Structures are given as structure tokens and as C-alpha cells.
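Peer 1: Pasting a structure below so you can have a look.
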Amino acid sequence: MQMEQLSLFTQEVSMSAPLASRLRPQTLDDYVGQGHLVGKGKVLRQMLDTDRISSMIFWGPPGVGKTTLARIIANMTHSSFIDFSAVTSGIKEIKEVMKRAEDSRMMGVKTIVFVDEIHRFNKAQQDAFLPYVEKGSIILIGATTENPSFEINSALLSRCKVFVLQALTEEDIRRLLHHALNDSKGLGNTPIHIEERLVNAIAVFANGDARTALNTLDMAVLNGEIQPDGSIVVKEEVLEQCIGKKMLLYDRNGEEHYNLISALHKSMRNSDPDAAIYWLARMLEAGEDPLYIARRLVRFASEDVGIADSKALQVAVAAYQACHFNGMPECDVNLAHAVVYLSMAPKSNALYIGYGKAKADAAQMLAEPVPLQIRNGVTELMQELHYGEGYQYAHDTKEKLTDMECLPESLKGKEYYVPGDQGQEAAIKEKLARVKEFRRKSALDR
């Protein structure tokens, strides 16, 4: 009877643990994400399959499975696992743990020492690991969210293999959430009714962090409506309270995704910064990837502004880089900066139209030969075949111009780039007109 009570008590304690802890995978088959490291034939998987692991550093954002992967490695290699916190442990604790590991090694048992947030250790604490790593007393696995090149001593870093763990994809997160809803160790013992769009919303909100996703789901279920049959209904209002933001109609792969980016693009094209900022905010607050928006701004800078303001492309590229540096939410103002600049910049689609016409001709005339005068006659045979014959070197002329024809004969006189009158392109238009007039007169004089 006492054993039964103890078993029930243990089970109750286990089920009261955080959802992420209850669902922590035990094998690589259950592990989600990091296929570039643990997929079949990948470097870390091969090291594990051949039991040839060495000390390593896991570098990646929170909630991507660094601790879980370390535990799986310990299980697969039949090693003792010591979870060591860089926040609460000093040199004294390190030496005590190292002595235990040395004793275990004498008995033929490998010890994996996992140090979470290893970047928080100072130089002296990190140095305390060195002799034990060098002797092979332990296999050190450090986890860090910071660049190890800057945060970990070079002596220790040189003895560790660095593996970069990536943020989980939305599809990865959705798989985890559905697993949590169906697994008996998770929420599978209670019927839970939650719309798929709300599951997708949690996956977007988590931003690649599995722990955040599972904790959000757990909180939403705990605050859901209990039905007479014992099932739980999770409604939109509850999820909004849990994540602290209103659920916006959005699906990164659905129609609304394209509707919103179209609204942003056309507002900028119409020189309406107020509308453009609004549509930008709609996308960002709904969870859109800021880098996707930044890429669209880079395209817009050449398609709709072009040479009318060549700085527009620089601003857009700088915004893309800022999104890389800052991430959300800090990069929202960087994107707003670019959106307003592009909205107010002079507009020209001359590059877009010009390339479209050239593309159509190129597709129909792929076999059109390059004129001999602009071929490069680098060998004697090429020179015998008249490669480069008639080439005119523009720098040798006073005007830095010649009347040499650079288009194929069948396209002679064809115009692709036709500049407009906006911004800097007005000056380009005048210059291009002078260039063409010079060539026309030079050709007549010859």
C-alpha cells in the first residue's frame, strides 16, 4: 500500500512539472530540429554513432534544445551526466565535481559535465576546467547564447568543437505542440479543443523557442474552459491574455501574408508613409519575419525608386543588416526608417521596365553572337578570327565616349533603359541624351 502511495505521489509530482520538462526527448529519434547536426550522415550524428565524442560548445538561441541534446548524448554514450550551472557554481564546486568525475573515470565510466550559460563563468572559473578536459577526465559540453569566440577563453575554446544550433522553424514548433497535445506525458490524458490557427499563432509567437511554445500552450490550457464532459476548450481570448497581444488575422503562408506585403509595397509606391508604416506594423505585430520584409524593401528600392535616388538601395540594405544585428523587437524602428525613406523618395520604374524588355529579348535570342569588337582576343587564334578588332578604348578619347556599337547587329538602336524625370534620374536623362547625340553625330562623321 505504501509503495502504491509513493508511486502515485511520484506520478503527481511528475505531472506537475513544466510541460517542457515532461516532454523532454530521450533519444535522437524524438529530438526535433538541428537536422544539420544530428541528421543521418551529419557530423555530430557520426561522432555519436561511432562513440567518438569530445568536448564541445553548443551555441544557439534559447529554447532550441541545447540541454536536451547534451542529455541525449550522455544516454547514447552511457556516460554519467552532471548538470552544472555557471550561475551558482564557483571554483570550489568545479574542483569537487572534477574529483568525482576522475573517480568515475578510474572505474571506467565517462562523465559528461554540462555547463549551461558557460559564458557567465569568469576566466579563472573557465581555466579550472582546462586540466580535466586535457586529461580526458571529463567531456565538457558548454551551452551559450553568446558568441563563444568572444565569451570563452581561447585555451578552453581550442579544446572544444563548436556546434551552432539554429532556432526551430514554425513547422518544428507545430510538431512539438501537437505532440504535447496528444502525448500522455504531456496533455494527452485530457481532451483539449484548440483551433489549428491558435496552434499556429503559438508557433509564430514562440519565435523558434520550444520552451516558450510549450509554456504558452500549458498556460492557455490551464486557463481554458472546462466542459461538463471534462474536456478543455482554449479560446482566442484566453490565448491573447497568455501571450499579451491581440491575435491578428495572419498566416505567413496564406493569402493574408501576400495581401499585407502588397499593401505595404503599394503604399510606398504611392508615397504614403502613414499607410506604409501602418502595414509594416500590421505585419511585424502579427509575427512576420523582419528579414522577409527587409528583403522586399531591398527589391522595392531598385524596382520603384531606382536611379531616381540610388541612396534608397543603400538605406534598404542597411535596414536588412540592422534586422540581422538587432532582431525583433528592436529592429522595428530600423524597418520604419527604411519604409518612410522609400515612401518619400522620388519614384522611377525605369530599371524594372528596362530589364523586363531586355529579359524578353535575351530569352528569344540566346544564340545571338557577341559583336567581334567587344570580344576579348586573348589568344593568337582569337586574334586571327578578328576578336577585339575595331574595339575603341573610351579612356583614350577627350569625351571618354566612342560611337562603337555594343549591341548585336539585330538589336542595333534598341533602347531598354529609358530614364524618367524624377529626382536624380532627371540629370541621368539629360546626360544619356547627350551621350546618344554624340554617338549619332560621330557615326555620321565617320
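The values are calculated or read from the model by the stated rules, or taken from the named source; none is laboratory data. Predicted model, so just to flag it, every value in this text is computed and none were measured. We place every Cβ from the backbone using ideal geometry, glycine too, and count neighbours over all the protein chains shown. Ligands, DNA and RNA are excluded from the accessible area calculation, which covers all protein heavy atoms including side chains. Shrake-Rupley method; radii C 1.70, N 1.55, O 1.52, S 1.80 Å.
Peer 1: Mind listing whichever residues of the stretch 257-290 are in a loop (DSSP other than H, G, I, E, B) and not acidic (Asp, Glu)?
Peer 2: Selection gives Asn270, Ser271, Ala286, Gly287.
Peer 1: Another question about this same structure. Residue check, Ser137 against (1) over 29 Å from the mean Cα position of the chain (by Cα); (2) open to solvent by 50 Å² or more (accessible area, probe 1.4 Å), all met but one. Which one?
Peer 2: (2)
Peer 1: Of the conditions (1) in contact (Cβ under 8 Å) with a residue 24 or more places away in the chain; (2) assigned to a helix (DSSP H, G or I), Leu401 clears all except one; give me its number.
Peer 2: It fails just one condition, (2).
Peer 1: So which residues in the stretch 202-218 are modelled with pLDDT under 85 and either in contact with a Pro (Cβ under 7 Å, 6 or more places away or on another chain) or within 19 Å of Lys235 (Cβ to Cβ) (or both)?
Peer 2: Val204, Phe205, Gly208, listed by residue number.
Peer 1: Name the residue that is most open to solvent (accessible area, probe 1.4 Å), counting only residues in the stretch 187-223 that are under 13 Å from Arg174 (Cα atoms) and among the hydroxyl-bearing types (Ser, Thr, Tyr).
Peer 2: Thr212
Peer 1: With the requirement that a residue be in a helix (DSSP H, G or I) and either farther than 21 Å from Lys266 by Cβ or polar (S, T, N, Q) (or both), what does the stretch 304-319 give you?
Peer 2: Passing the criteria: Ile307, Lys311, Gln314, Val317, Ala318.
Peer 1: Of all residues being among the β-branched types (Val, Ile, Thr) and open to solvent by 40 Å² or more (accessible area, probe 1.4 Å) in the stretch 147-181, which is farthest from Leu214 (Cα to Cα)? Just the residue, please.
Peer 2: By that ranking, first place goes to Val162.
Peer 1: Just to be sure, is Leu407 in contact with a Lys or Arg (Cβ under 8 Å, 6 or more places away or on another chain) and surrounded by 12 or more Cβ atoms within 10 Å (Cβ to Cβ)?
Peer 2: Yes.
Peer 1: Going residue by residue through the stretch 405-427, is there one that turns out to be in a helix (DSSP H, G or I) and either of a type in the set (Val, Ile, Thr) or under 30 Å from Ala281 (Cα atoms) (or both)?
Peer 2: No - not one qualifying residue is present in the stretch 405-427.
Peer 1: Test each condition in (1) small (Gly, Ala, Ser); (2) in contact (Cβ under 8 Å) with a residue 60 or more places away in the chain; (3) open to solvent by 30 Å² or more (accessible area, probe 1.4 Å) for Ser80 and report the one that comes out false.
Peer 2: Single failed check for Ser80: (2).
Peer 1: While we're on this one: Anything in the stretch 378-399 that is within 18 Å of Asp445 (Cβ to Cβ) and either in contact with a helix residue (DSSP H, G or I) (Cβ under 8 Å, 6 or more places away or on another chain) or of a type outside the set (D, E, K, R) (or both)? List them, or say none.
Peer 2: Across the stretch 378-399, the qualifying residues are Gly390, Gln392, Ala394, Thr397, Glu399.
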